[in-house]
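See below for the structure under consideration.
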Amino acid sequence: MSNEEIIKKKLVEAFACLDIALKEEDIVIERSKDAAHGDYASNAAMKFSRLAGMAPRALAEKLLPQLADESIEKIEIAGPGFLNFFMKQASLASIIAKVIGEGENYGKCPSKGKKVNVEYVSANPTGDLHLGHTRCAAVGDSIANILSFAGYDVTREYYVNDCGNQVEHLGHSIRARYHELFGEPLDLADDDYHGEDLIQIAKSIKEKYGDKYLKDSEESHDFFIRYGIDTELGKIKKDLDAFRVRFDVFSYESDIRKGGKVEKTLEWLREKGYVYVQDGATFLKTTAFLDDKDRPIVKSDGAYTYFMPDICYHYDKMSRGFDNLLDILGADHHGYINRMKSALMMKGYSKDVLEAEFVQVVRVYRDGVEVKMSKRTGKAIAHRDLVADVGVDAVRYFFVERSQSSHLDFNYNLAMEQSSNNPVYYAQYAHARCASILSLASDIDMDTSGSMLGSEPEKRLMKHIADFPVVVEAAAKSKEPSRIAGYIHSLAERFHEFYAACRVIDRENIPLTSSRLALIKAVEITMRNALNLLGVSAPEKM
RNA sequence: GCGCCUGUAGCUCAGUUGGAUAGAGCGCAACCCUCCGAAGGUUGAGGCCGCAGAUUCGAAUUCUGUCAGGCGCGCCA
């Protein structure tokens with residue numbers, strides 16, 4: 001049982017003695033910022049003073065005698081009615097043996113028995129990934145890692161839109177580049193793709209197949225699309241893999257459309273009365289649920305809008321037995337969530353089965369001016385270039401360091417020229433320092449009882465290590481990897497403080513050295529586990 | 001006009017379910033390696049937490065209004 005849990009339990013018991021029934025969830029335990037306020041603090045006497053019918057301090061006085069525990073050194077009432085808990089040294093130090101015992105599982109929660117599908121990136125296979133995808137990839141993958149660590153059964157999924165307008169343009173654009181190579185240029189419209197990568201693709205087609213696809217036929221039309229999608233998706237997969245982002249499942253829109261499945265779903269919705277025709281287009285009555293407007297699902301020319309197969313795709317995901325779906329989307333898609341929830345509710349699902357996290361835009365500054373991104377002009381800052389320039393660790397950390405709901409300003413010059421200024425190095429440096437010290441003293445046995453550790457920097461560090469599981473739960477609940485980043489930073493900070501104040505290896509004082517080595521080992525493990533959640537490496541040397 | 005996101009130090013941003021003196025990085029000023037990694041540590045300057053009300057023992061945090069920026073608003077995805 002953690003110190004926090006012990007205090008909560010004692011408080012619940014103490015309130016019970018006053019005939020006030022509370023649950024442990026009702027009790028808030030905070031880590032005191034100031035050592036004068038003890039190790040942990042609770043506002044329970046203030047929070048429930050009205051319920052108890054007495055003033056906060058008076059209530060605290062009543063509770064105090066019931067709170068004694070062998071793990072607690074002393075308890076003080078302070079300020080308006082805070083209860084400040086000073087733990088015994090052994091209670092604080094017990095975390096070290098726990099962390100070393102659990103190793104890479106430290107911070108991990110037992111299975112919650114829930115299957116969660118996390119869908120992210122899902123970039124159209126019509127060109128290279130850009131910066132916006134990078135952030136979605138970093139955020140989505142970190143969220144998947146955190147949920148998994150927090151005890152959810154996580155499936156990572158990428159939805160490939162390999163049908164519709166966009167891929168028609170892709171096919172045509174490649175064909176145009178192909179014809180160009182034979183001296184017969186075709187026109188490229190504004191909404192076609194102008195990127196140079198398509199010239200490379202056209203060249204490879206020419207090398208493999210010569211002039212076979214010059215004549216305009218259904219076969220060549222389909223060929224250019226299929227070849228383009230396969231090539232682009234291949235590049236995307238390779239880039240994501242290098243970014244340490246790997247998916248369990250790739251779902252294809254073309255599969256969703258196969259075998260009349262979309263038509264059946266449409267028919268089913270029609271029978272349910274959720275569909276009507278207006279101006280030649282077919283609309284879905286999403287306003288019957290959460291939406292503020294009905295949405296078209298079949299255009300007046302008879303083609304589906306993107307929304308219709310997307311509905312089928314979400315039905316498909318639910319039919320695979322997930323308890324929850326989580327979509328990681330660009331912030332410009334925020335209108336999407338309520339219409340998709342509505343569609344799921346038509347099928348009888350709760351509005352809560354689908355959640356969405358919206359990732360705000362990245363603004364890029366280079367030489368002090370904002371760089372606008374455009375996939376089509378070919379001038380976009382490609383994901384691949386960014387990672388090559390800055391490195392996977394720095395990009396992944398930087399892109400989840402701030403809450404995804406905040407806009408991110410990315411200074412390209414700074415990231416490239418002064419990468420050692422990046423905050424990720426602060427944390428990695430701490431880890432490397434741990435590894436270095438442990439290696440220098442590998443002949444000295446560790447004392448995992450932590451019995452010699454009592455100085456303020458040591459206590460602060462131990463308490464912070466003990467907080468890791470709480471932070472994991474909070475990050476999983478709020479789906480905010482930035483909380484892990486914040487934890488990593490403060491763990492590194494407390495470690496560096498400790499390092500500056502306490503000399504670890506002292507061969508004249510082996511008992512103290514043994515205790516401190518164990519503390520460092522616990523820091524190293526916790527830091528590595530936390531960095532892993534963000535997909536950032538924990539180097540032994542830098 | 002309606003909806004979503006965001007306004008906190010010069011800049012970029014944290015700030016847990018409302019708690020004790022609002023924090024970090026960068027930048028600025030000054031210190032600290034004969035000793036485990038100086039990619040580090042210590043100290044300082046710098047704040048009407050956009051503005052105005054409301055709720056209460058207590059508000060950067062909750063509610064209302066308002067101003068500013070970003071994004072979106074039925075046959076694009």
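Judged by the mean number of other Cβ atoms found within 10 Å, the most tightly packed of the peptides A:312-322, A:340-350, A:124-134, A:296-306 leads the ranking A:124-134, A:340-350, A:312-322, A:296-306. Here is how the number arises for chain A: DSSP H runs of 4 or more residues each give -39500 (n - 2.57), the sum is divided by the residue count, and the result at 222 nm is -16000 deg cm²/dmol.
Helix A:89-102 and the long axis of chain A differ in direction by around 40°, with both axes built from C-alpha atoms. What number, in nm² with one decimal, is the all-direction average of the projected area of the convex hull of the alpha-carbon atoms of the range A:165-242? That works out to 5.3 nm².
Using the scaling law 2.2 N^0.38 Å as the reference, what is the normalised Cα Rg of the range A:88-181? Provide the component values of the computation, followed by the final result.
Numbers: Rg = 22.4 Å, N = 94, 2.2 N^0.38 = 12.4 Å.
Relative to the rule-of-thumb radius for its length, the range A:88-181 sits at 1.81.
Here the contact order of the range A:229-306, divided by its residue count and restricted to Cα pairs under 8 Å and six or more residues apart, works out to 14 percent.
Roughly speaking, what is the stretch gain from residue A:62 to residue A:493, that is 0.36 nm per residue apart minus the C-alpha to C-alpha distance, in nm to one decimal? Show your work: numbers first, answer last.
Details: separation 431, 0.36 × 431 = 155.16 nm, distance 3.87 nm.
In short, 151.3 nm is gained.
Taken along the Cα-to-beta-carbon direction at a fixed 7 Å, the label points for residue A:54 and residue A:76 span 2.2 nm. Rounded to the nearest 10 degrees, the inclination of helix A:261-271 to the longest alpha-carbon principal axis of chain A is 80 degrees. This model, with +1 at the C-beta of Lys and Arg and -1 at the C-beta of Asp and Glu, gives the range A:130-211 a dipole about its Cα centre of some 340 debye.
Relative to its residue count, chain A spans a Cα convex hull of 199 Å³ per residue.
What is the range A:165-242's relative contact order, in percent, from Cα pairs under 8 angstrom and six or more apart in sequence? Let's see the in-between values first.
Numbers: 59 pairs, mean separation 29.5, N = 78.
The normalised contact order for the range A:165-242 reaches 38 percent.
Relative to the longest principal Cα axis of chain A, at what angle does helix A:456-478 sit, 0 to 90 degrees, rounded to 10? Compared with the principal axis, the helix lies near 40 degrees.
Give me the dipole magnitude in Debye, nearest 20, for chain A about the Cα centre, with unit charges on the beta carbon: positive for Lys and Arg, negative for Asp and Glu.
Working: 71 positive and 83 negative charges, 179 e Å.
Computed charge dipole of chain A: roughly 860 debye.
Students often check this: by mean Cβ neighbours within 10 Å, which of A:95-105, A:398-408 ranks highest, and how do the rest follow? All intermediate terms of the calculation are to be shown ahead of the outcome.
Numbers: A:95-105: 16.6, A:398-408: 18.7.
Descending mean neighbour count gives A:398-408, A:95-105.
Most simply put, chain A has about 50% antiparallel DSSP beta bridges, counting only bridges with both residues inside it. Excluding same-chain neighbours fewer than eight residues apart, the aspartates and glutamates reachable from residue A:10 by a Cα-Cα span under 17 Å are A:19, A:24, A:25, A:26, A:30, A:39, A:61, A:69, A:70, A:73, A:76. Each Cα pair under 8 Å and six or more residues apart adds its sequence gap; the mean of these over the residue count of chain A is a relative contact order of 17 percent.
Read-outs: derived from the displayed coordinates by stated rules, not from any lab. In this text the structure is predicted, and so the values were computed from the model without any measurement. Using ideal geometry, Cβ is built from the backbone for each residue, glycine included, and neighbour counts are taken over all protein chains shown.
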